[in-house]
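Please read the structure below before turning to the comments.
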Amino acid sequence: MDVVKTKVLVLGGGPAGYVCAIRAGQLGLETVLVDSGKLGGTCLNVGCIPSKALIHSAQVFSQTLALSEQNKLGIETQAPRIDLAQTVRWKNSLVAKLNSGVAGLLKKANVSVLSGTGVLEDGKSCVVRQQSGEIMVKSEHTVIATGSEPISLPGLGFGNRILSSSDALALTAVPNSMVVVGGGYIGLELGGAFARMGTRLTIVEASERLLPHYDEQLTDPVVKHFDALGSTVMTDAKVISGQSTDDGVALKVHQESTGETADIEADYALVTVGRKALLDGWGLDALELDVERGYVAIDESGLTSMTDVWAIGDVTGEPMLAHRAMAQGEMVADNIGGAKRIFDHVSIPEICFTQPEVVQVGRPYSIADEQDDAVIVRSFPFAANGRSMTMQESDGFVRVIAASDTKLVLGLQAVGGEVSELSAAFSLALEMGATLEDIAGTIHAHPTRSEAFQESALMALQRPLHL
Ligand code: NAD
């Protein structure tokens, strides 16, 4: 078997792995990246990017559909249709463009990419099974970035009419009906897109609320949107059995609160009950790695329990977010290069790309905060923001949580159309240790929705201008 020696081996070419490899290459470290699939991992190929393309298409379609009825804007259109096969072709072309973009960036950073399955034999040896045969890569440092995979439910294994998120992104015709099992990030982002394209949606969520990760005030507008679309939302509910046939699914759903069991039939079931670290198929058994609660355990610097073996991204656990994975990847490359960086959790924005969008950064809100003298909590509604009115996006708000004594901003949240773009300002505020005065004293452009951010700080300082 041919042997290749390198300073850094990165196993997995998703956002964690490819960013780590690029940074390592930029630092002049000899780097080999191994991936069995297309570059960009779940995020680029079957996650963040394709789902946002589908969400965008669904949004434009539903807005156009709304304009085919009498509207305040005075716009007249014919009854629009959506050709999902074309949307999917467009989405695939974007993915392909970005795949080659990542390949180009790796090449520019002098990273060698091996296309094949890498299996570690120890912390410094990896057999790569390529189409052309096997090759051994010997490395001084190994970075595990193998990512995650969707969790399936017993009796509802993926295949046929039971869809994973990847399967749903490949549908070429809009289903008449769909049951989404798991009302979290993926279920509501993708389920919402299909509902806006005309699919009759039923959401089955085990918790008491949709998007239980966010507070109720943030998720209320999302729930209202699903109501407006005519979707059925079942919370506190679990699928107890399911059957997939050639032309649909039949599920039995038990609702804890009512004690009732309902039969639900649909064209498809989309199962989105979370993701788990990908621990199989890359040689974990051959290593002495600590695994905690199903994830490869790492310290603050990204180092595992083995010397010079690092881990980054989803395989290291929650939050399974591409931007956190990229930040870990960059940090670990720097550390291999001799830096002494540790991971800073102060600002990892969490965004759900539903309609409306939800964002939170830093300390999350709890209803108990309202009675807590140690913090100030204030919200500014988009209903009082001029630009929002002109965009017909008056639902939602921006909320700030700050320390009562120092006025240091602790947490920021928002719900509303396209508030994902506010996450940059929110993250910067937390990263820079902004106080309420810093935000209130920053001139925000008028007319923009970002003025609601400034106004929330002014409210917290008890001197609102526009409310
Ligand atoms: P999730 O954790 O967001 O949601 C899963 C939901 O399924 C939860 O609400 C949970 O209560 C529910 N659930 C669990 N078991 C159930 C059952 N038996 N029946 C009914 N409901 C059940 O997970 P996801 O949506 O699959 O997403 C996976 C990961 O991908 C997340 O960790 C997230 O970080 C990431 N992701 C992020 C984004 C984003 O940043 N916008 C988008 C998509 C995915």
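The values are calculated or read from the model by the stated rules, or taken from the named source; none is laboratory data. Since the model is a prediction, treat every value here as computed from it, not as a measurement. All Cβ positions, glycine included, derive from the backbone under ideal geometry; neighbour counts span all protein chains shown. Each accessible area value is taken on the protein alone, full model and side chains, heavy atoms only, with ligands, DNA and RNA left out. Shrake-Rupley method; radii C 1.70, N 1.55, O 1.52, S 1.80 Å.
Side notes on the structure shown:
- Ordered from longest to shortest, the equivalent ellipsoid semi-axes for segment 244-363 are 38, 21, 13 Å, each the square root of 5 times a Cα gyration tensor eigenvalue.
- Here ALA384 and SER404 are evaluated by their C-beta separation; at R0 = 25 Å the FRET efficiency comes out at 0.55.
- Members of LYS52/LYS72; LYS52/LYS97; LYS52/LYS107 lying beyond 23 Å, as alpha-carbon distances in this model show: LYS52/LYS72; LYS52/LYS107
- In the chain, the DSSP-assigned H stretches of four residues or longer account for a calculated mean residue ellipticity at 222 nm of -9000 deg cm²/dmol, using -39500 (n - 2.57) per stretch and the full residue count as denominator.
- Computed E for ASP83/ASP247 - FRET, C-beta separation, R0 30 angstrom, nearest 0.05: 0.85
- Here each label is just a point 7 Å from Cα along the line to Cβ, and for HIS446 and ASP227 those points are 3.5 nm apart.
- Partners for LYS124 among lysines (Cα-Cα distance below 16 Å; same-chain residues under 8 apart left out): LYS5, LYS7, LYS138
- Length released on extending from LEU428 to LYS138, taking residue separation times 0.36 nm less the Cα-Cα span: 100.4 nm
- Beyond 14 Å, the tail of the calculated P(r) for segment 416-467 holds 52 percent of the Cα pairs.
- A simple rule links phi to the HN-Hα coupling: the Karplus curve 6.51 cos²θ - 1.76 cosθ + 1.60 with θ = phi - 60°, which for segment 213-228 gives 5, 10, 6, 5, 5, 6, 8, 3, x, 5, 4, 4, 4, 5, 4, 4 Hz, with x for Gly and Pro.
- 1.4 Å probe accessible area per residue over segment 393-467, in Å²: 45
- A 1.4 Å probe, protein heavy atoms only, puts the accessible area of HIS446 near 140 Å².
- P(r) tail fraction, segment 62-110 - alpha-carbon pairs more than 15 Å apart, %: 65
- Per-residue accessible area (protein heavy atoms, 1.4 Å probe) orders MET1, MET459, MET178 as MET1, MET459, MET178, starting from the largest.
- With all protein chains in place and ligands, DNA and RNA left out, the 1.4 Å accessible area ranks TYR185, TYR365 as TYR185, TYR365, largest first.
- Distant-in-sequence amide H partners of LYS276 (H built 1.01 Å from N, under 5 Å): GLU149, ILE151
- Here segment 1-71 is treated as an ellipsoid with the same Cα gyration tensor; its semi-axes, largest first and in whole Å, are 43, 12, 6.
- Cut-off 13 Å, label 7 Å out along Cα→Cβ of SER166, residues of segment 264-288 by amide N: 276, 278
- Value of Rg to Rh for the chain, rounded to two decimals, is 0.99; Kirkwood radius and Rg both from alpha-carbon coordinates.
- Heavy-atom surface of segment 8-135, accessible at 1.4 Å and reported per residue (Å²): 51
- Per-atom-type breakdown for the chain gives carbon and sulfur 51% of the accessible area (1.4 Å probe, protein chains only).
- You can think of it this way: the chain between THR307 and LYS238 has 20.5 nm of extra reach, that is 0.36 nm per residue less the Cα-Cα gap.
- Gap separating the Cα centres of segment 397-467 and segment 73-114, nearest whole Å: 33
- Segment 145-303, accessible area per residue, ligands and nucleic acids excluded (1.4 Å, Å²): 46
- Between ALA66 and VAL346, the modelled label-to-label distance comes to 3.8 nm, taking each label 7 Å out from Cα in the direction of the beta carbon.
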